[in-house]
Amino acid sequence: MATSDDLLPAESAPEPPPPIEAKFEDGFTVKSMIGAVFIALFMLPGGLYLGLVAGQGVGDAAEWVTIVLFAEIARRSFQPLRKQEIYILFYIASSLTSVIALEKGLGGGPFANLIWNAYFATSPAAAPFASQIPTWAVPHGDSAAILQRELWHHDWWVPIGILVLTELCNRIGWMGMGYALFRVTSDVEKLPFPYAPVAASGATALSEAGSESWRWTIFSTGTVVGLLFGLVYVGLPVITGTIFGKPLEIFPIPFKDYTSSLQTVLPAAVVGISFSLGNVLMGFVLPFEIVAGACAASVFAMIVMNPILYKAGMLPHYKLGSDALITKVAADMDFWLSVGIGVNIAIAIIGFGLVFKALAEAKRYKRERQIAISPPPGRGDVPVKLALLAWFFSVVVLVLVCHHFVPKFPVWILLFFGFFWSPLNSYISARMIGLTGRGVGFPYLKEASVVASGYQRIDVWYAPIPLADHGWAAQRFREVELTGTKFTSILKAEAFMFPVVILASFFFWAFFWNANPVPSGQFPYIQTYWPPQATMQSVIMRINDPAAHGENWFAQAIKPSYIGIGAVSGLTLYGAFAVLRIPLLAFYGFAGGLGLFPANTIPQFLGAILGRRYFAKRYGKENWARYAPVLFAGFACGTGLISMTCIAVALIGKAVAKLPY
């Protein structure tokens, strides 16, 4: 087996890679500002409306459509965009069009939360405790702000103020902590961040469009493949659903579910297969050991262990006949949630040990300044202490806001979440993203903590508790670095985007909500799905209510004994991999794959085998390692373009269907 660098003794540790010799340039220009305004005026309301009507976000479609449009306009104006400008456009588009809660169809910026809160507070599901919902979160149901659907009404001013302050603190927090995590995981630990080259390669390839560059050739090939596949996978269901009222799916979305069909042989096993070509291409990009470990873990946990646990009586909430999603939720609540927390604690312990080892080796070889302190010249770095101070300030503000509006909630929990758990969880997630491309999460931790605290009021569910995972931001800074973009470009983009997204989100949500009730017949998706979503939220918000009856899943989901088993198992497995000289990437892949659907990890593993056994041999290992991220970026562009086209056709079809002629 291959030997991991982490297994080598300090004396034989390899020389660290030299500092990056890249020329960093500013990517935030007047063109980027125009692009941000364009996205806010056209893409953001499109995503808002599409979420309400069809429960879909524009996602990659908005990102690539914006980039391709601006790149072509600039090229025909004989002012082609630099790759730094293209990446900043990609960054802005992905930030402005992100979906807050896809299952609720909530897009269109942060004000979507207030519209949902207004609906929920007046819904039948919230009737038992509607009088307890604080006015600093939602105006009373008899207020003109609710009855007339006026988002600009003065009763909304306090909720809007809290929303804007929370959004600002969250942005400051992720930028500060994300940058510090990047310096640790990338500059010190030299983690690979396997997904980071995808966005970077796409920006680079588009900046070379029309040339003889190999990147543009590979990117164009991926785009054509994405267009053809997207036409069948996404386009056909959308178009047929618009014309005939019932979508025709050649490939089941999101995957073909065999869980209930095999329940007599494999009860509680989560069995399925995804036909998305994107999973196969993802296997091309990720390290083989990561994909193999994740596939092995997901199959072991969801297909092998679940039936054993069920027969042992350890999955009491599983019911025969459940589909894959319900089965997985039941298994997670009964067993895997607690075990997963323990495994992630083990990863944190291992991660801290490896950081201390890297710093010790740097000191021993007198290279501490190269590895841990001095960033590449011209990258636009700021002092790490300043970044952490910005994060610290954002957490302090959130703690004070929470304590002001929920004064009887235990302050120590706010301090624990803000200053201990959030940075710890962010580091765990950043390290896993740096190694495997996937973060980690601890679902229902907030709910379990509220129950354990003994706090019994509803207002805590509306408070901006400082419980966040900023690990994803480390990869964002790595993408910026790979494109040769100065980090100061991100600061400028965020400073410009914040007021733009706040104003655009307020304006468009105020218009849509005032024009038509939300939900209503004008928005079929949320008319169907918001009532059950409200029921689910009502159940969650009453788990700390002593007047509520019924079984409390959340109080039972966190099992200390299982957490201990997970932590010990994680450390033991790490030691076994080290002794057997198995690449440690396989360990991290295995740890991250315990909570994944086999339906997705199996195609990824098939893609990894295909890339390793065929394409790497045909094109050469080094060449294929460079081709794969560019191919994947082109594929995302192609599927995004076809998705946006089909979405436009669907929206036009729905509009025409309302006309009387």
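The values are calculated or read from the model by the stated rules, or taken from the named source; none is laboratory data. Keep in mind it's a predicted model, so treat the numbers as computed, not measured. Because the Cβ atoms are built from the backbone with ideal geometry, glycine has one as well, and the counts that use them run over all protein chains shown.
Structure notes:
- Neighbours by Cβ (under 7 Å, 6+ apart or cross-chain): first from the range 504-520, within 19 Å of Ile160 (Cα to Cα); second part of a helix (DSSP H, G or I) and among the small types (Gly, Ala, Ser): Ala504/Ala40; Trp509/Ala112
- Evaluation of Asn600 against (1) buried (at least 20 other Cβ atoms within 10 Å of the Cβ); (2) modelled with pLDDT under 75; (3) among the polar types (S, T, N, Q) (one fails), failing number: (2)
- If you go through the range 173-188 and keep only what is under 20 Å from Ala495 (Cα atoms) and surrounded by fewer than 24 Cβ atoms within 10 Å (Cβ to Cβ), you end up with Trp174, Met175, Gly178.
- Residue pairs whose Cβ atoms lie under 9 Å apart, separated by 6 or more positions or on different chains, with the first residue in the range 24-43 and among the basic types (Lys, Arg) and the second surrounded by fewer than 22 Cβ atoms within 10 Å (Cβ to Cβ) and in a loop (DSSP other than H, G, I, E, B), are Lys31/Gln79.
- All of Ala578, Ala493, Ala534, Ala557 fail the test of being of a type in the set (A, V, I, L, M, F, W, C), closer than 30 Å to Val37 by Cα and at pLDDT below 90, apart from Ala493.
- Only listed residue being buried (at least 17 other Cβ atoms within 10 Å of the Cβ), at pLDDT below 75, closer than 30 Å to Trp157 by Cβ and not small (Gly, Ala, Ser), chosen from Phe506, Phe523: Phe523
- Number of residues in the range 127-167 that are assigned to a loop (DSSP other than H, G, I, E, B) and either surrounded by fewer than 15 Cβ atoms within 10 Å (Cβ to Cβ) or not hydrophobic (A, V, I, L, M, F, W, C) (or both): the value is 12.
- The lone exception for Lys357 - which of (1) modelled with pLDDT of 80 or more; (2) over 28 Å from Ile465 (Cα atoms) it fails: (1)
- Test: residue in the range 576-587 that is out of contact with any helix residue (DSSP H, G or I) (no Cβ under 8 Å at 6 or more places or on another chain) and either part of a helix (DSSP H, G or I) or of a type in the set (S, T, N, Q) (or both): yes
- Restricting the range 377-433 to residues that are surrounded by fewer than 18 Cβ atoms within 10 Å (Cβ to Cβ) and among the basic types (Lys, Arg), the residue that is farthest from Phe587 (Cα to Cα) is Lys408.
- Filtered residues of the range 393-409 (kept if among the hydrophobic types (A, V, I, L, M, F, W, C) and under 23 Å from the mean Cα position of the chain (by Cα)): Val395, Leu398
- Qualifying residue in the range 323-341 (condition: out of contact with any helix residue (DSSP H, G or I) (no Cβ under 9 Å at 6 or more places or on another chain) and at positive phi): no
- Checked against (1) part of a helix (DSSP H, G or I); (2) surrounded by 22 or more Cβ atoms within 10 Å (Cβ to Cβ), Asn514 passes all but condition (2).
- The range 238-264, residues that are outside any loop (DSSP other than H, G, I, E, B) and either at pLDDT below 80 or hydroxyl-bearing (Ser, Thr, Tyr) (or both): Val238, Thr240, Gly241, Thr242, Ile243, Phe244
- Scoring Phe477 on the criteria (1) buried (at least 22 other Cβ atoms within 10 Å of the Cβ); (2) assigned to a loop (DSSP other than H, G, I, E, B) leaves a single failure, condition (2).
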